[in-house]
Amino acid sequence: MEWMEKELELLSGASLERSLRESGVAQETPGYVLRNERAMLNLSSNNYLGLADHPATIEAMRGALLSEGVGAGASRLVTGNRFPYGQLEQALAEWQRCEAALVIANGYMANSGVIGALVGRGDVVFSDRLNHASIVDGVVLSRAEHARYRHNDMEHLRTLLKKYRNHRRKLIVTDAIFSMDGDQAHLRELVSLKQEYGAMLMVDEAHSGGIYGRHGEGLCHELGLHDQVDIHMGTFSKAFGVYGAYICGSRTLIRWLVNEVRPLIYSTALPPSLVVGISKALELVISDHWRRVKLFAVSQLFRSSLKHSGFIVGDGGSPIVPLIVGNNEAALRFSHALEEKGIAAVAIRPPTVPDGTARIRFSLSAVHSETELLDAANCIRSIGHQMGVL
Ligand SMILES: *Cc1c(COP(=O)(O)O)cnc(C)c1O
């Protein structure tokens, strides 16, 4: 095992070692996180709508714990498919205006399992280079050809579609909002390319579900394209504030996935109380449009304030605001300096992002106030000056 120490030394020398840090709930101060016993403004959470501690969800889960117990006891295909699942999947299908829905334990398992159910040897997956790691792993596990196109480069995608024209099944897969950059996929172009080349299209709405669309259905709905997308995927772990993932699409698709998705078949069902919690969170996502309005307002304010100071923060109106630092060590120092000022915002380094693009990834929440964010932006500006990033 000596090799391990050596490899860790290398990682640490390159400012690339990661470690687990304890984070606690800051009672009475939503939007903050406890670190080293200090409440810090949390600009590194995916709790976009502030639903992670909603009393209605807590109450629903508490009730379900008492009636349903703590664990499901088996896979959904054995005896773990407890009654809250059926109710949730029906509500999801209605919300997404699809024929059917399937709940899978989490987004990672959904992507890593569903892709292999759609394609295999002799098939090809066209995947944006900046797609989430769970998509990359899904493609690798599927054993299909992996045709990665340059980020949002539709001409490159077209070239690859031509090149692999004679492969059996074709799948185009993309994040709707890219998790580390916050920009949007070119969904209209993707829809027209998929039609032209006879491919299936799968869209991962992990960072757009709950956030875009009149009822939080996601970016595909906001753009009026949801009927053109074959496989809708999203998670309950970000805007919903709970845990889990969904796939929505045709009845045939869901029937197929129940037979083929290995992480669904060979893994224990989610605890029933969690499924009840997701149902309650879905009601809140649909009804509380004001949370989306607030989220976009504060995101806009924060982004333009950083931009105004001269930072490169990327475009797009999403609540993900990346501040590109470049160098790994500088990104870590930036994050530590923020922490000293009471702001929790982690440095994202390779391999999560491409080499030379280490960054502070800010993600905002409807629970943040304008004052908190303007103060934070001022603080970020002075650190930027001190560190020579500005
Ligand atoms: C977070 C994320 C996932 C994984 O979802 P989990 O439910 O956290 O496992 C998948 N895809 C994208 C784009 C994500 O950002």
Query raised in the report: Given the structure, is Ala101 under 16 Å from Phe236 (Cα atoms), touching a residue at least 40 places away in the same chain (Cβ under 8 Å) and assigned to a strand (DSSP E or B)?
Result: yes
Query raised in the report: Would you call Ala133 assigned by TED's automatic domain parsing to the domain that holds Val261, out of contact with any strand residue (DSSP E or B) (no Cβ under 8 Å at 6 or more places or on another chain) and among the small types (Gly, Ala, Ser)?
Result: yes
Report summary line: The strands (runs of 3 or more DSSP E) lying entirely within region 124-235 that contain at least 1 residues which are touching a Leu at 6+ places or on another chain (Cβ under 6 Å) are 124-128, 145-149, 170-175, 200-204
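Could you tell me whether region 30-44 includes any residue that is hydroxyl-bearing (Ser, Thr, Tyr), part of a helix (DSSP H, G or I) and at pLDDT 95 or above?
No, because not a single residue in region 30-44 is hydroxyl-bearing (Ser, Thr, Tyr), part of a helix (DSSP H, G or I) and at pLDDT 95 or above.
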Query raised in the report: Considering only region 232-245, how many residues are more than 20 Å from Ser267 (Cβ to Cβ) and either open to solvent by less than 10 Å² (accessible area, probe 1.4 Å) or in the same structural domain as Gly31 (by TED's automatic domain parsing) (or both)?
Result: 3
Requested in this report: Identify the single condition in (1) among the basic types (Lys, Arg); (2) open to solvent by less than 40 Å² (accessible area, probe 1.4 Å); (3) in contact (Cβ under 8 Å) with a residue 40 or more places away in the chain that Arg303 does not satisfy, given that it satisfies every other one.
Outcome: (3)
Report summary line: Taking region 324-337 and keeping only residues that are under 18 Å from Lys307 (Cβ atoms) and either over 25 Å from the mean Cα position of the chain (by Cα) or modelled with pLDDT of 95 or more (or both), one is left with Phe334
Query - Test set (1) of a type outside the set (S, T, N, Q); (2) open to solvent by 10 Å² or more (accessible area, probe 1.4 Å); (3) more than 13 Å from the ligand (Cβ to nearest atom); (4) at negative phi - Gly224 fails condition number - result: (4)
Requested in this report: All but one of (1) of a type outside the set (A, V, I, L, M, F, W, C); (2) under 30 Å from Trp256 (Cα atoms); (3) outside any loop (DSSP other than H, G, I, E, B) hold for Gly73, so report the exception by its number.
Outcome: (3)
**Report entry** Some residue of region 183-195 being more than 16 Å from the chain's Cα centre (by Cα) and within 15 Å of the ligand (Cβ to nearest atom)
**Finding:** yes
Report summary line: When restricted to Gly69, Gly113, Gly122, Gly138, the only residue more than 16 Å from the ligand (Cβ to nearest atom), touching a residue at least 12 places away in the same chain (Cβ under 8 Å) and open to solvent by less than 40 Å² (accessible area, probe 1.4 Å) is Gly69
Query raised in the report: In this structure, does Leu77 turn out to be more than 18 Å from Leu264 (Cβ to Cβ), open to solvent by 10 Å² or more (accessible area, probe 1.4 Å) and more than 16 Å from the ligand (Cβ to nearest atom)?
Result: no
**Report entry** Pairs, first over 12 Å from Pro319 (Cβ atoms) in region 173-184, second part of a loop (DSSP other than H, G, I, E, B) and among the polar types (S, T, N, Q), C-beta under 7 Å, six or more apart
**Finding:** Val173/Asn131; Thr174/Asn131; Asp175/Asn131; Ala176/Ser208; Met180/Thr352
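Give the number of residues within region 327-351 that are in contact (Cβ under 8 Å) with a residue 12 or more places away in the chain and open to solvent by 20 Å² or more (accessible area, probe 1.4 Å).
11
The values are calculated or read from the model by the stated rules, or taken from the named source; none is laboratory data. The structure presented is a predicted model; accordingly, all values stated were derived computationally and were not measured. For neighbour counting, all protein chains shown are included, and Cβ atoms are generated from backbone atoms with ideal geometry for every residue, glycine included. We work out accessible area using only protein heavy atoms, side chains counted, and drop any ligands, DNA or RNA first. Shrake-Rupley method; radii C 1.70, N 1.55, O 1.52, S 1.80 Å.
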